[in-house]
Amino acid sequence: TTTHDLAVIPGDGIGLEVTPAALEVAQAAGRRHGFGFRFTEYDWSCERYRREGAMMPPDGLERLRGHDAIFLGAVGAPGVADHVSLWGLLIPIRRAFRQYVNLRPVRLFEGIDSPVRADIDLVVVRENTEGEYSEIGGRMNRGFPEEMAVQEAVFTRAGVTRVLDYAFTLAGRRGGYLTSATKSNGIVHTLPFWDELVEERAAVHPGVRWDQEHIDALCAKLVLQPSRFDVIVGSNLFGDILSDLAAAVAGSIGIAPSANLNPEREFPSMFEPVHGSAPDIAGQGVANPIGAIWSAALMLEHLGHAAAAEEVVAAIAAVLAKGDVRTRDLGGTAGTRDFTAAVLALLA
Ligand code: NAD
Ligand code: IPM
Ligand code: MN
């Protein structure tokens, strides 16, 4: 049987609670489909930062490199500045391993009370290595009246083209419709370049209908008419915002999964829920594990087990449709373990 060699970084807060749930479900799916996992757990976290002064060891990226995939819970803890935890772990992994596509599917499952009544089945394709999340700039004149912060947004022809091609191709395999998130009304100077590249790539993918929306209007439409959308492509920051928004419209950000993909497979891809470490509910056993479990399903698909991945998503859907086991963010009373057990029972 195939054994996949997985790097596991539970991280901080609810990352420590939802990661075991996701791995158990992945293993259960593997037993049904004849594959297994070898897990190597790394304790890289804010806890480690407090102990050793760094989120991960100096050779951390080298150690991850040989694994088939990476599963991450979430990082971030009160008392450690977010820029330390994020630039010390999450962002370097996405960049070093050229995970330039951040794939974030959103579905409204039966049995969830959404603020909107609509069919929602869309995917946010988020550019994941450049854009607004650049390292060019900084804080100056700290403490003086002249204090300021500057950060250059970086959009490269190669970087935008590759994520657009991924999004057009994905749209071609789904509903054949792509929406580009932009802000091209002359205020932001980088996005007219993004728009030009969208037109250029559209010509290479003639089978896909496409549209563009200003990010502010797009946020409103995602709330009012989410069924209109199929694949939405956006820059790093726009994609980040759209993915939490769309997830909340579909019930809770606790549901949302993500795949940080290196489509060329030169490096391992990383799978993690969209949500963070949720310090406000950490340690209580009440976190919704769906985002993590669905991320594990995306990982199974990436590892070549599409049928197993579908079963996992179907099991999540079945438990939600039955309606008796739901976590607090979805209006229920179940804990992380209860929901996980209900999914595992269907995969037994
Ligand atoms: P967050 O996603 O952690 O929490 C936002 C809100 O959603 C909170 O009220 C939280 O309780 C709730 N929530 C999140 N996930 C949930 C779940 N699975 N079940 C139920 N409720 C859930 O976002 P935040 O508050 O902006 O950030 C908290 C920390 O997490 C910060 O340190 C931030 O930097 C970090 N963070 C890390 C990642 C990551 O590692 N990938 C992602 C986002 C935020
Ligand atoms: C996410 C998170 C991260 C991001 C933060 C924690 C840096 O919000 O994965 O969506 O913005 O990419
Ligand atoms: Mn986010």
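In table form, for the structure just shown:
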{"quantity": "Relative packing of peptides 314-322, 35-43 - highest average C-beta neighbours within 10 Å first", "calculated": "314-322, 35-43"}
{"quantity": "Potential extension, Ala118-Lys322 segment - 0.36 nm per residue separation minus Cα distance", "calculated": "71.5 nm"}
{"quantity": "Computed label-point distance, nm, for sites Arg337 and Asp195 using a 7 Å Cα→Cβ extension", "calculated": "5.5 nm"}
{"quantity": "Cα→Cβ-extended label distance, 7 Å offset, between Ala345 and Val154, nm", "calculated": "5.1 nm"}
{"quantity": "Gyration tensor verdict on region 195-348 (Cα atoms; rounded if a/c is under 1.5, prolate if a/b is larger than b/c, oblate otherwise)", "calculated": "prolate"}
{"quantity": "Neighbour cut-off at most 11 other Cβ (10 Å), DSSP loop, GluC sites (Glu not before Pro), region 262-323", "calculated": "Glu264, Glu266"}
{"quantity": "Modelled FRET efficiency - R0 25 Å, Ile136 with Arg174, Cβ distances, 0.05 increments", "calculated": "0.10"}
{"quantity": "Positive minus negative residues near Ala334 (Lys, Arg vs Asp, Glu; Cβ under 9 Å)", "calculated": "+1"}
{"quantity": "Rg and Dmax of region 55-151, Cα atoms only, in Å", "calculated": "18.5, 55"}
{"quantity": "Segment Ala81-Arg209, extension gain: residue separation times 0.36 nm, minus the distance between their alpha carbons", "calculated": "41.8 nm"}
{"quantity": "Debye intensity ratio I(q)/I(0), log10, region 1-125, q values 0.11, 0.18, 0.20, 0.21 Å⁻¹ (C-alpha model)", "calculated": "-0.50, -1.09, -1.20, -1.24"}
{"quantity": "Values of log10 I(q)/I(0), in the order q = 0.06, 0.09 Å⁻¹, for the chain under a Debye, Cα-only, solvent-free model", "calculated": "-0.21, -0.48"}
{"quantity": "Protection proxy ranking of 286-292, 58-64 - average other beta-carbon atoms within 10 Å, highest first", "calculated": "286-292, 58-64"}
{"quantity": "Where Rh is the Kirkwood radius over Cα pairs, Rg/Rh for region 114-250", "calculated": "1.03"}
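Taken together, the values in this text are just the output of simple stated rules run on the coordinates, not laboratory data. Remember, it's a predicted structure, so these values are computed and weren't measured experimentally. Ideal geometry is used to build each Cβ from the backbone, glycine not excepted, and the neighbour counts take in all protein chains shown.
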